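A short write-up of the structure that comes next.
The values are calculated or read from the model by the stated rules, or taken from the named source; none is laboratory data. None of the values given here were measured: they were computed from a predicted structure. Every residue, glycine as well, gets a Cβ built from its backbone with ideal geometry; the counts of neighbours run over all protein chains shown. Please note that ligands, DNA and RNA were not included when accessible areas were found on the heavy atoms of the full protein model with its side chains. Shrake-Rupley method; radii C 1.70, N 1.55, O 1.52, S 1.80 Å.
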Amino acid sequence: MSTTNHTSKALPENIPPNVITLPQTAQLEALYTIIRDKETSRGDFIFYTDRIIRLLVEEGLNHLPVVPRTVETPTGAKYEGVGFEGRICGVSILRAGEAMEAGLREVCRSVRIGKILIQRDEETTLPKLFYSKFPSDIASRYVLLLDPMLATGGSAMKAVEVLQSEGVPEERIIFINLISSPEGLKKFCERFPSLKIITGWIDEGLNEKAYIIPGLGDFGERRYCQ
Ligand code: URA
């Protein structure tokens, strides 16, 4: 039995360079073990996914650019520090992404939030935009795009296209998710090589119903319904 701080699971090889994973510690693996367990109650699922979301949001903020900022301390000394360069905005992909908004609000007081609803078109089977609402100045902000599960990547890619059509450059979008599939990550990163992805865990793959394996099942169902 290992008592080190590192998880027993290794990251897959050939992770695209624009993907950042949370430090794969034993604590993080313990949190994921709880949320993956089908016996975990809805209350615990919410509590432990919120803990992971908080870690992901903090990591996302690490990737925002800063500029020099000098302040005076109460001792009269000057401190040459830094401040965030721009303003941010969260955009959640409904409905599961909404669960990540509170975690963002906890660390960014009064953060602006936009929403996107994308569903599979019955006829074409392609992801289709059904609804979106953004702050009017979104084009001048850094966007934290929120969706807990990156499975095939279809909805996330459509969401990025919608943001681009609103004038947000790819370089100013950070996509945050709890679990990614390797195939979804590959497709997404090939399409948007300048966009950063913060993920908590990279799983084995997808099953025939496009669920992530081992995954945690349907995130929205477990968070809102079960
Ligand atoms: N969405 C989910 O909620 N779970 C998956 O495994 C894939 C997509």
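Below, the figures for the structure above:
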{"quantity": "Per-pair calculated FRET efficiency, R0 = 25 Å: F47 and Y131 via Cβ, rounded to 0.05", "calculated": "0.25"}
{"quantity": "Qualifying trypsin sites (Lys or Arg not before Pro) for the stretch 98-172 [loop in DSSP, other Cβ within 10 Å: at most 14]", "calculated": "R109"}
{"quantity": "Unit Cα scatterers, Debye sum, the chain: log10 I(q)/I(0) for q = 0.11 Å⁻¹", "calculated": "-0.57"}
{"quantity": "R0 of 41 Å, Cβ-Cβ distance Q27-T124: FRET efficiency to nearest 0.05", "calculated": "0.40"}
{"quantity": "Surface accessible to a 1.4 Å probe, T25 within the full protein complex, Å²", "calculated": "40 Å²"}
{"quantity": "Sparse-neighbourhood loop sites, GluC sites (Glu not before Pro) in the stretch 23-88 - DSSP loop, at most 15 other Cβ within 10 angstrom", "calculated": "E39, E85"}
{"quantity": "The chain - percent relative contact order, Cα under 8 Å, separation 6 or more", "calculated": "21 percent"}
{"quantity": "The stretch 1-95: trypsin sites (Lys or Arg not before Pro) in DSSP coil with no more than 16 other Cβ atoms inside 10 Å", "calculated": "K9, K38, R87, R95"}
{"quantity": "Bins of 10 Å, starting at 0 and running to the largest distance - Cα pair percent for the stretch 40-104", "calculated": "17, 33, 24, 17, 8, 0"}
{"quantity": "Inter-probe distance in nm under a simple model that places probes 7 Å from Cα toward Cβ, at R54 and A102", "calculated": "1.2 nm"}
{"quantity": "Förster radius 45 Å - calculated FRET efficiency between E85 and D37, Cβ distance, rounded to 0.05", "calculated": "0.65"}
